[in-house]
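Only the coordinates and a few stated rules stand behind these numbers; no lab work does. Treat the numbers as computed from the prediction; the structure is a model and nothing was measured. Every residue, glycine as well, gets a Cβ built from its backbone with ideal geometry; the counts of neighbours run over all protein chains shown.
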């Protein structure tokens, strides 16, 4: 334990000094304004101990990491019938690509690319008012993290809505194929707010515990999902969680993970740890540059890898 | 142990009676002639015990499963410089697609699609005579399996060569981009022979042990590869081992695996088992229908999953 | 002349009896309700004589044929600078494909596919109210046809707006690349109304005269466009006027033409005739089945072909 | 006439002094060695008069211009059944793209992209020895041009064969789909030699006369092809003759034309002229930069355009 504490601290130290930090997302002003020098890391171990370093208590825009929670929620609502509307394969194309949708007639490749996440929102909306649906997801995330202070950054949500032409295109395109049940602007309203959830590394690692513990936030606690579903969400994070760099993340880090354009990554070492890292600068694939590097250091040092003997 | 033995036997029993068996590959006569009723399963446990059922001692054409061994060999020769010529991402397209090669200028997406495996052969050829290179790979596989009787099925190799127009296209296309160093026909000679290696489930599971044991065929034995390399090969198998159904295999089976068009699959439960299954009928994605189902049964019953707590 | 009159009448006769009539567009109710048995043909000769047969005075939804008039209008406003925002090449993909837009970063291949026509609308809108822009185009078409009775079918316009998800996707996608200057919904408002212009064959052939006469609606009349511009619009109709069947239309009919999903086609024999045909049933490429056949008959009999000696 | 003579001379003068000359093809040494300063122009009028300027009597490698003659020959052998194996649509992709072949299952989009021309060679080969087939095409071209001195540049043919990996890929890929009847290497032998035909502008313009005169090399002479077939070949040249810049050539020049990577272009003004131009420097689309510009000047000055009144 002490070792983990020291390791977390050393990694934060190393990352703080890194010269090459990637490029902060600039498509909306609230993200563009983030200081690229921020770095946070939180490791929650299976024994419940929490190890923090850097800006681990600073909330940031979790963006696409929210897709993990929205997927979990949708599976709870409709179960495996979800897979009639979304695939489970890596896309082989960038996160916001529309090409695949044309070839595969409006069915997105997986729930972690934008198009797939929009379908997931459409499932979660299920006849509610968008605000009700957003509230429901927010309550779910607060419950997972056991933290009522988690909130949506309204400035981010508004900015997403104003500039999200590409996501509007994706939603309308799927609607044209009959793969949205609500009006695209309603479904997108949910989607844009979901992306704008703000969490700290501490909160994010806490929210991910149910994937470490086979479905429960702590051993013995009531199940959030079944053990099988927890395994399967982990599998989807491994194969699809880093867009068109998922293979590389599996190769280098060796853990299921989900990244967001805000610079956050949630990674799961089943049975061992739930990890959240944040560094706003992105690499060419849109994943946190130092966040990935920090996870690589951490798994090298701890030996955590789902591919290890 | 006894439990595993009974489980292996029960699964083989269930599969023997299955009505829907998929479609046997028909592009070459030696494969088309295989009885779709065949089924073999071998589970080699970490303790060295071997559990067999059905036609587990019958050699079959391992086809693309050979790509795992050829990749291991190439990494031994050139290390990480291999990744300058081959990617590490799922392709999002069928195993023999050429579209991606045009878009990405002759660099195949990963070593487990045909184009990538041809580049791996080109690396392994490295100035030798094709026959020398093939001999080297065969010796390596015999060493891994600890079985000198493993051989190449020359009838299959000849048939591949006669009808392999699509692979000839892939090789020449990459040559046009400068990503083959030898004459395409020489590299292809190695590739076609490699695909024609014949092994039984027992032999295949034995050959896969180094991926279960973190790089050694048995605990304490000299390393075949480093622990890191074993992890990374497992990661590649997970993300890319089943062509455009790799995500589905990870979702359902939850283990790194590599399939071949001959109906074989090698799957690895790190630290626990090396598993080979054979059923010649294929599903729509070109992977063994009953082989996949058998592995799903096996992992459900044993709880083996790299995604489990 | 008399010969042309007889020929027009004979062709209409033959088409009236045709058993195979294609499939009427069904994506909006007002189009789906059209009787597939309708057929109209109008040939306006260079000498000003007009030859009609069948339902040539029945207004129908000209749909994409309107793209010719909108393009002419946009070239009048911004000249060749239009080509910085739209290409001039056949697309090699269906009329509503979005794939090409991703590959070529929001610049549509030509002004006659939907995406290109939306950019043309954006140019024509140029800071006006949508209703003003639509009024301007309508006045232009009335002027070309010398017929003040031409109108927009509001039921069609409303239906397009309600179901046009794919066009909404195209517009937002181009907006994301910065290739729309107005809000997508404003530009689309113009686009959907433009598609809903209703004209008879007689009116359409009259409106096309300026392309037959090198830029003037009749010899000696004030120019609508320069001779060079008339030639170039004809060239674009030839290479791009029938979506992904433009090559086939050039091969079989041999004249510049533009088709619409309402079943209308405008074809130009430079120096000789402006021809409009209407038959609501479409072929697999979305072009009028009998309309194309009628034009083939007509050009075979008259020898009109831009490719003839 | 005198006017044409002067015009041809003036254009050659202007082109001789042009600073920006494009880039000479460099994929084989015999082409790379060509002086970019060369320029030839020949206009053969309908009255039989011939107007030359610059290097119009210098033979150059006609490369893809040969596809016009090979297509004419194949249509003579198998007629419209050819279109079961090759399409008639612009490709929307570069001349040597393989993507379209995968999407459309081995059927090339038109006979003027490389894949389509290889199928045409396969048709012309028709069970003969390659050398016999090549001899037949050469005799046909000599007959069209009425010039027995036309020959194949063997150094070019050999160089094509040595470096033509991309064409080898295309041929094998189509073979995999069953769209080649001969062994790929035999069909390619014909193809590489056909591309290596060397002709001067004078010879090329002479060979193109049958397309100006509706099927006969001169009025009253026996037909090479029917008037309908001549029209249709012109239509194919217009829509597909300049690869993915065919629309632009139609827009700027307004005549059916076929370009080659050797810098030659054959253009036809039906009923008026057969034109050959040669300037080795290519533009970004692989078409002669100054050749296209010279044709633009010529058609502006003469008013020749198939799109004019």
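Some points to look at:
- Considering only B:49, B:288, B:216, the Gaussian network model of chain B with Cα springs below 10 Å gives its largest mean-square fluctuation to B:49.
- Closest approach of a chain C beta carbon to the axis mapping chain C onto chain B (residue, whole Å): C:103, 4.
- Net lengthening on full extension, residue D:139/residue D:185 (0.36 nm per residue, minus Cα-Cα): 14.3 nm
- Among A:117, A:198, A:18: highest mean-square fluctuation, GNM of chain A, C-alpha pairs under 10 Å: A:18
- Scaled to the globular estimate 2.2 N^0.38 Å, the Cα spread of region A:252-299, given as radius of gyration, is 1.03.
- Computed on the Cα atoms alone, the convex hull of the protein assembly as shown gives a volume of 180 cubic angstrom per residue.
- With distances taken between every two different alpha-carbon atoms, region D:1-74 has a Kirkwood hydrodynamic radius of 14.4 Å.
- Highest-fluctuation residue, C:287, C:96, C:114 considered, GNM on chain C with Cα pairs under 10 Å: C:96
- The alpha carbons of region B:64-197 occupy a box of 43, 33, 28 Å along the principal axes, longest dimension given first.
- The gain in end-to-end length when the residue B:284 to residue B:96 segment is fully stretched comes to 66.3 nm, 0.36 nm per residue minus the alpha carbon separation.
- With both labels modelled 7 Å from their Cα along Cα-to-Cβ, the residue C:26 to residue A:23 distance reads 4.7 nm.
- Taking all pairs of distinct alpha-carbon atoms in chain B, Kirkwood radius in angstrom: 19.0
- Cα long-axis angle, helix C:165-176 against chain C (0 to 90 degrees, to the nearest 10): 50
- C-alpha long axis of helix D:2-16 to longest principal axis of chain D, angle in °: 70
- Between copies, the label points of residue B:220, set 7 Å from Cα on the Cα→Cβ line, lie 4.0, 10.4, 11.1 nm apart, reported in increasing order to one decimal in nanometres.
- 222 nm mean residue ellipticity, helices alone, for chain C (DSSP H n ≥ 4; -39,500 (n - 2.57); rounded to 500): -14000 deg cm²/dmol
- Distance between the C-alpha centres of region D:135-161 and region B:171-193: 32 Å, rounded to the whole angstrom.
- Folded to 0 to 90 degrees: helix A:130-145 orientation relative to chain A principal axis, Cα: 20
- Sorted from longest to shortest, the spans of the Cα atoms of region D:1-147 along the three principal axes equal 49, 34, 29 Å.
- Here is the size of region B:237-279 from its Cα atoms: Rg then Dmax, 9.7, 27 Å.
- Panel order for A:21, A:109, A:84, by other beta carbons found within 10 Å of each beta carbon, from fewest to most: A:84, A:21, A:109.
- If R0 equals 45 Å, the separation of the Cβ atoms of residue A:154 and residue B:177 corresponds to a calculated FRET efficiency of about 0.35.
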